[in-house]
Amino acid sequence: MVVSVAATDSDTAQPVQYSTFFASRYVRDPLPRFRMPEQSIPREAAYQIINDELMLDGNPRLNLASFVTTWMEPECDKLIMDSVNKNYVDMDEYPNRCVNMIAHLFNAPIKEDETAIGVGTVGSSEAIMLAGLAFKRKWQNKRKEQGKPCDKPNIVTGANVQVCWEKFARYFEVELKEVKLSEGYYVMDPVKAVEMVDENTICVAAILGSTLTGEFEDVKLLNNLLTEKNKETGWDVPIHVDAASGGFIAPFLYPELEWDFRLPLVKSINVSGHKYGLVYPGVGWAIWRSKEDLPEELIFHINYLGTDQPTFTLNFSKGSSQIIAQYYQLIRLGFEGYKNIMQNCMENTAILREGIEATGRFEIHSKEAGVPLVAFSLKDSGRYTVFDISEHLRRFGWIVPAYTMPANAEHVAVLRVVIREDFSRSLAERLVSDIVKILHELDAHSAQVLKISSAIAKQQSGDDGVVTKKSVLETEREIFAYWRDQVKKKQTGIC
């Protein structure tokens, strides 16, 4: 972008006209990082400075670490910009429409024209905080009625939960009881989860789409086992389903799968609109089964914006553009559109999985059913690791995370590729091609390192074959000398 910039000369205080931004002083002046600058600068200069720095960010569409939507239709982009100055708290209708549609999608027991119980949030993290607060308050109220202590609430989850559950537990003083994972089984075991339930458990949280492998946890089995335990003990422990990733997948691809409000113990569900709800960040939704599952004392009523408005959120003002974008997607795509997109994602996931398996170098940990992603580890990590592959992929523009599994499976390190709406088959094939290139490079490099190490060890060994131990500095000098000799040989043509 080339612009004409009007500035003020610091010595004469007279206006100076530059024909281009890159001829102005703003190019050479350091950027403010800690204090607000004393003087204003032209809007064109401010834009160019920030725009230039943003060029250093990774391409969002090649960021395969994220579940978050990175593409929307131009018409929706325009709606977002048209409503970017509108406050969420000034809107009643659009959030309610979205809540009603999502509640029906999750088979909430409400009539066709009945208003559902739910709220729009900035994402699933806030939605989980709100759902957790509702469970805690209901449990406390019941314990008080029974004359029992209510100071040690706990929640049962798998060790594969997203960090927002740890935040909820710490921020709102709830003990987090985690079901440990094991190699080859990276989701919560319903049997072990129910065994950990006690009279202080406010709910059991099941994950519909694990962050680690995309797998759906068996909510129906959990419901059945917990129902039996509640009958035996007289407790009334409910279930919350964290459907941040899978909530906009399961209804379209696995309609017969029972995970939602069809199960009696499921009292609330959260889902991320900015993941497979196909909206830019950040929007999420918390949906409750009925009014009885959301304590009235947690809902505030305000009227200073003109009408009586109930509110149950952690913050007050926020942008409404993402809510409008969610409504656009729901009516624009409909059930058919969402289903087609999710099928495309799963088919491209299959293509990527097949390509990775065809290398013969990786073990696949993700399942074919679940969130469209591929999680895979090296069969042999002796020469290099998945972290090396992740780092090398950045050279091609790809951002692919490498991480270790949680407790009891920490020794397993994987790469994970999330397939979103805008990840096409051609991109999947290109990614496999780049991974193969990197494997060849790393193989060649490790072979060369082994050759050098062997040569140095041979030089260090005496007539008796015993290797003399060297200091780090001595070893570095010998490696440098070895490479210097190799370069000289190539320059002289003597090998």
(request) May I ask you to compute the full-extension gain from E183 to R383, defined as 0.36 nm times their residue separation minus their alpha-carbon distance, rounded to one decimal in nm? (result) 69.8 nm
(message) Give me the mean projected area, in nm² to one decimal, of the convex hull enclosing the Cα positions of the chain.
(response) 36.6 nm²
(request) Taking all pairs of distinct Cα atoms, average 1/r, flip it, and tell me the Kirkwood hydrodynamic radius of region 367-412 in Å to one decimal place. (result) 12.3 Å
(request) From zero up to wherever the largest Cα-Cα distance of region 16-69 sits, split into 10 Å bins and tell me the percent of pairs in each. (result) 18, 42, 22, 16, 3
(message) Just the number please: accessible area per residue for region 75-333, 1.4 Å probe, all protein chains included, in Å².
(response) 44 Å²
(request) Check each of the GluC sites (Glu not before Pro) in region 334-394 and keep only those in coil by DSSP with at most 14 other C-beta atoms within 10 angstrom; list them in order. (result) E368
(request) Could you work out the mean projected area of the convex hull around the alpha carbons of region 75-333, in square nanometres to one decimal? (result) 14.5 nm²
(request) For E93 and Y254, calculate 0.36 nm times their separation in residues minus their Cα-Cα distance, and state this gained length in nm to one decimal. (result) 55.0 nm
(request) Enumerate the amide H contacts of E175 below 5 Å, restricted to partners 5 or more residues apart or on another chain; note that Pro and chain-start residues carry no placed amide H. (result) N154, I155
(request) Please report the Cα spread of region 194-258 along all three principal axes, rounded to whole Å, starting with the longest. (result) 37, 23, 14
(request) Report in % the part of the accessible area of region 327-445 that belongs to carbon and sulfur, leaving out ligands and nucleic acids; probe 1.4 Å. (result) 48 percent
(message) Report the gain in length on full extension from Y47 to L298: 0.36 nm times residue separation, minus Cα-Cα distance, nm rounded to one decimal.
(response) 86.1 nm
(message) I need the calculated FRET efficiency for the pair N141 and R332, taking r as the beta carbon distance and R₀ as 41 Å, to the nearest 0.05.
(response) 0.45
(message) Report the Cα centroid-to-centroid distance between region 325-352 and region 38-84 in angstrom, as an integer.
(response) 24 Å
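Measure up K111/K144; K180/K267; K192/K367 against 27 Å on the Cα-Cα distance and list the ones that go over.
Where the Cα-Cα span goes over 27 Å, the pairs concerned are K111/K144.
Can you run the Rg to Rh ratio on region 113-238? Use alpha carbon positions and the Kirkwood inverse-distance Rh.
With Rh from the inverse mean 1/r over Cα pairs, Rg/Rh is 0.97.
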(request) Quick one: pull the percentage of alpha-carbon pairs in region 210-325 with a separation above 23 Å. (result) 44 percent
(message) Taking every DSSP beta bridge with both residues inside the chain, roughly what % is antiparallel (nearest 5)?
(response) 65 percent
(request) Would you mind checking which residues have amide H under 5 Å from G158's amide H? H placed 1.01 Å from N; only 5 or more apart, or other chain. (result) V179
(request) Return the percentage of antiparallel bridges among DSSP beta bridges fully within region 75-333, rounded to the nearest 5 %. (result) 50 percent
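So what is the 222 nm mean residue ellipticity for the chain from helices alone, if each DSSP H run of at least 4 adds -39500 (n - 2.57) and you divide by all residues, rounding to the nearest 500 deg cm²/dmol?
-13000 deg cm²/dmol
The values are calculated or read from the model by the stated rules, or taken from the named source; none is laboratory data. Remember, predicted model here, so these are calculated numbers, not experimental data. All Cβ positions, glycine included, derive from the backbone under ideal geometry; neighbour counts span all protein chains shown. Note: accessible area is taken over every heavy atom of the protein model, side chains too, but ligands, DNA and RNA are not part of it. Shrake-Rupley method; radii C 1.70, N 1.55, O 1.52, S 1.80 Å.
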